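*Asks:* One structure coming up, written as structure tokens, with questions to follow.
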Amino acid sequence: MTEVQTYPTIDEAARAMARGAAYMGGGTIVMREVNAGTAAPVLVRTDDPTLRQLRAQGDTVSLGAGVTMAQILAEPQLDFLHPVARRVGGPQVRNMGTVGGNLFAAHPYGDFAVALLALGARVQLAGTSGARPVEDVLRDRARQVGLVAAIEVPRPRHGSFGFTKVSRVKPKGVSILSIAVLAPQTGGTLRGVRVALGGMGSGPLRSAAVERALDGQRLDRTTLEKAQSVASDGLQPPTDALASAWYRSEVVGVHLRRLLQSMESS
Amino acid sequence: MAKIPVTFTHNGTDRAAFADPGQNLLEFLRRGLGDLSPKYGCGQGACGACTVTIDGQTQLACLVLAETVQGRDVRTAAGLADGATLDPLQEAFMDHFAAQCGYCTPGMLVSARALLDTNPTPTREEVIEAISGNLCRCTGYEPIIEAILSVAGRRATA
Ligand SMILES: Cc1cc2nc3c(=O)[nH]c(=O)nc-3n(C[C@H](O)[C@H](O)[C@H](O)COP(=O)(O)OP(=O)(O)OC[C@H]3O[C@@H](n4cnc5c(N)ncnc54)[C@H](O)[C@@H]3O)c2cc1C
Ligand code: FES
Ligand code: FES
């Protein structure tokens with residue numbers, strides 16, 4: 001049987017986690033394990049209200065790790081994140097699932113984490129000062145990284161961020177793959193491009209090949225073709241019940257190109 | 001392991017009961033309180049048959065830790081009718097043949113009620129979105145969508 005310890009503050013919960021317990025956020029993944037009897041014997045949670053806080057103004061927005069997808073959708077100033085949050089599960093899952101939990105959600109989940117990766121988000125861990133790049137947390141997530149307190153997201157310039165999720169069942173199927181692109185333009189030239197892919201490896205990853213193909217270029221036909229042709233370079237996507245590795249490699253470039261085109265025309 | 005006392009509101013009535021450690025809200029409501037209206041379909045969040053509202057928001061009871069409803073307002077399909085008087089949504093589900101085996105119906109009703117409470121005149125797309133977390137293996141969804149829209153229409157013209 002699983003025992004769940006609830007702490008009034010983030011710091012107390014983080015200390016309990018440091019003693020080896022696993023954390024429960026919204027529970028949409030962890031409770032399945034509890035129901036199946038495969039969860040850790042001790043789970044830790046906290047009702048600390050700061051975990052649900054959200055600061056939507058300014059150049060960097062801050063999302064408490066316990067902020068739900070529904071909370072994001074209810075905040076007009078976070079409109080750049082709405083196309084992402086809307087594609088996570090159905091309404092009940094969006095009312096429950098958190099931003100923090102999405103960082104640790106295994107394939108085929110983690111759509112929000114893909115977007116955070118492209119946006120260059122930074123992760124604030126409880127009990128530490130400063131923030132770590134979301135890359136680090138995603139890379140180390142199999143090990144205990146500690147309790148995520150908040151996530152800082154640089155607000156993208158208008159029209160420079162795009163997201164797409166490819167699924168079989170609409171509107172709420174899980175990802176075959178997902179793509180997030182940050183593509184700011186200076187005088188028509190792409191600079192500081194970040195491209196993140198979900199469903200194309202064991203977790204969300206950046207595509208160095210696509211970033212190289214786009215950076216410093218104009219978003220013209222030649223660039224689009226180049227980006228499409230390198231989209232699966234060096235990647236080893238999984239085969240699962242939804243799609244084979246071969247299929248994912250074939251279509252990722254097509255969806256990337258369509259996403260870039262839609263960003264260009266919007 | 002020690003039982004956990006939980007006080008909360010269940011369909012408008014104050015209740016106090018004991019939850020087991022790690023028990024989910026679905027089991028707690030069904031076994032502990034005898035409210036059999038939320039159904040067990042999958043225990044994994046996939047079917048929506050266990051949908052309830054907590055403080056007005058739809059959630060999946062099978063994925064909610066029972067003890068976390070302490071102090072909260074929990075509503076299930078069993079609370080929709082007022083004695084013998086059915087909720088207009090329940091009437092509409094009957095009129096539109098929106099239930100066949102009926103297993104998805106309580107969850108559908110809760111999702112639909114939550115939609116209409118925040119958006120009394122939803123579009124067809126909004127209705128589809130609102131029940132997209134609820135699976136129905138019988139009706140093909142059309143009768144359910146029509147039933148919900150008919151209540152929305154009634155409200156709109158009332
Ligand atoms: C029916 C259904 C559909 C779904 N569809 C999607 C989908 O389309 N896209 C998608 O991305 N996901 C989907 N999910 C998965 C899940 O709901 C989301 O990924 C959600 O964001 C997970 O958040 P949570 O708070 O519920 O996580 P939890 O279940 O609470 O936790 C998940 C993991 O994250 C860890 N964790 C949580 N919070 C923290 C924190 N603050 N610090 C450190 N570790 C933490 C936990 O220890 C655990 O390992 C779906 C789930 C269900 C049941
Ligand atoms: S029983 Fe809860 S979603 Fe299926
Ligand atoms: S009526 Fe049978 S599942 Fe919907």
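Readers should treat all values here as calculations from the given coordinates under stated rules, not as data from a laboratory. Computed from a prediction, not measured in an experiment: that's the story for all the values here. Cβ coordinates were reconstructed from backbone atoms using ideal geometry, including for glycine residues, and neighbour counts include every protein chain displayed.
*Asks:* Per the helix-only calculation at 222 nm, which mean residue ellipticity applies to the protein assembly as shown, given -39500 (n - 2.57) for every DSSP H run of n ≥ 4 and division by its residues, nearest 500 deg cm²/dmol?
*Replies:* -9000 deg cm²/dmol
*Asks:* Continuing with this model, one more query. For chain B, what are the DSSP H helices with axial Cα length of 15 Å or more and mean Kyte-Doolittle hydropathy of at least -1.0? Please list the in-between numbers first.
*Replies:* Values: long enough: B:105-118 (20 Å, 0.64); B:142-157 (22 Å, 0.46).
Qualifying helices: B:105-118, B:142-157.
*Asks:* Tell me, what ³J(HN,Hα) does each residue in the stretch A:193-199 have, in order and in whole Hz, if you take phi through Karplus 6.51 cos²θ - 1.76 cosθ + 1.60 with θ = phi - 60° and put x for Gly and Pro?
*Replies:* Karplus values, whole Hz, x for Gly and Pro: 6, 10, 10, 10, 10, x, x.
*Asks:* Expressed as a whole number of Å, what is the distance separating the alpha-carbon centroids of the stretch A:98-113 and the stretch A:1-77?
*Replies:* 13
*Asks:* If you average the alpha carbon positions of the stretch A:216-266 and of the stretch B:32-59, how far apart do those two centres end up, in angstrom?
*Replies:* Between the Cα centre of the stretch A:216-266 and that of the stretch B:32-59, the gap is 39 Å.
*Asks:* How many angstrom lie between the Cα centre of the stretch A:121-199 and the Cα centre of the stretch B:105-157?
*Replies:* The stretch A:121-199 and the stretch B:105-157 have Cα centres separated by 33 Å.
*Asks:* For chain A, what's the relative contact order in percent, using C-alpha pairs closer than 8 Å and at least 6 residues apart?
*Replies:* Working: 532 pairs, mean separation 38.5, N = 266.
Computed over chain A, the figure is 14 percent.
*Asks:* Now, a different point. Check which residues have an amide H placed less than 5 Å from A:ALA65's amide H, if you skip close sequence neighbours.
*Replies:* A:ALA150, A:ILE151
*Asks:* I've got another one for you. Going toward the positive end of the dipole of chain B, with +1 on Lys and Arg Cβ and -1 on Asp and Glu Cβ, which of B:PHE18, B:CYS42, B:THR105 do you reach last?
*Replies:* Final value for the positive-end residue is B:PHE18.
*Asks:* On to the next question. Computed over the Cα atoms of the stretch B:88-157, what is the convex hull's projected area averaged over all directions, in nm²?
*Replies:* Dividing the Cα hull surface by four gives the mean projection, 3.9 nm².
*Asks:* ³J(HN,Hα) across the stretch B:48-64 via Karplus (A = 6.51, B = -1.76, C = 1.60, θ = phi - 60°), whole Hz, x for Gly/Pro?
*Replies:* x, 5, 9, 4, 9, 10, 10, 6, x, 9, 5, 9, 9, 4, 5, 10, 9
*Asks:* Among A:ALA106, A:LEU138, A:ALA150, which residue has its Cα furthest toward the positive end of the charge dipole of the stretch A:50-154, with +1 on Lys/Arg Cβ and -1 on Asp/Glu Cβ?
*Replies:* Final value for the positive-end residue is A:ALA106.
*Asks:* Counting Lys and Arg as +1 and Asp and Glu as -1, each charge on the Cβ, what is the dipole of chain A about the Cα centre in debye, to the nearest 20?
*Replies:* 460
*Asks:* In debye, nearest 20, what is the charge dipole magnitude of the stretch A:1-156 about its Cα centre with +1 on Lys and Arg Cβ and -1 on Asp and Glu Cβ, if you could check?
*Replies:* 200
*Asks:* Take the Cα coordinates of the stretch A:3-46, assign each an equal point scatterer, and use the Debye formula without solvent to give log10 I(q)/I(0) at q = 0.25, 0.27, 0.28, 0.30 Å⁻¹.
*Replies:* So the normalised log intensities are -0.82, -0.92, -0.97, -1.06.
*Asks:* What per residue convex hull volume, in Å³, do the alpha-carbon atoms of the stretch A:128-242 yield? Kindly include the intermediate steps, with their values, before the conclusion.
*Replies:* Details: hull volume 17.6 nm³, N = 115.
Looking at the stretch A:128-242, the number lands at 153 Å³ per residue.
*Asks:* Let's test this: bin the Cα-Cα distances of the stretch A:1-124 at 10 Å from zero up to the farthest pair and state each bin's percent.
*Replies:* 13, 43, 34, 10, 0
*Asks:* With a ≥ b ≥ c the root eigenvalues of the C-alpha gyration tensor of the stretch B:6-107, is it rounded (a/c under 1.5), prolate (a/b larger than b/c) or oblate?
*Replies:* Judged from the Cα gyration tensor, the stretch B:6-107 comes out oblate (a/c at least 1.5, b/c at or above a/b).
*Asks:* Given H placed 1.01 Å from N in the peptide plane, which residues other than close sequence neighbours of A:VAL44 have an amide H under 5 Å from its amide H?
*Replies:* Hits under the 5 Å cutoff: A:GLN5, A:ALA22, A:TYR23, A:MET24.
*Asks:* What's the Kirkwood radius of the protein assembly as shown in Å, using all Cα pairs? Please report the intermediate quantities before stating the final value.
*Replies:* Numbers: mean 1/r = 0.0439 Å⁻¹.
Hydrodynamic radius (Kirkwood, Cα only) of the protein assembly as shown equals 22.8 Å.
*Asks:* Could you tell me the relative contact order of the stretch A:50-154? Use alpha-carbon pairs under 8 Å, at least six residues apart, and round to a whole percent.
*Replies:* Reported relative contact order: 29 percent.
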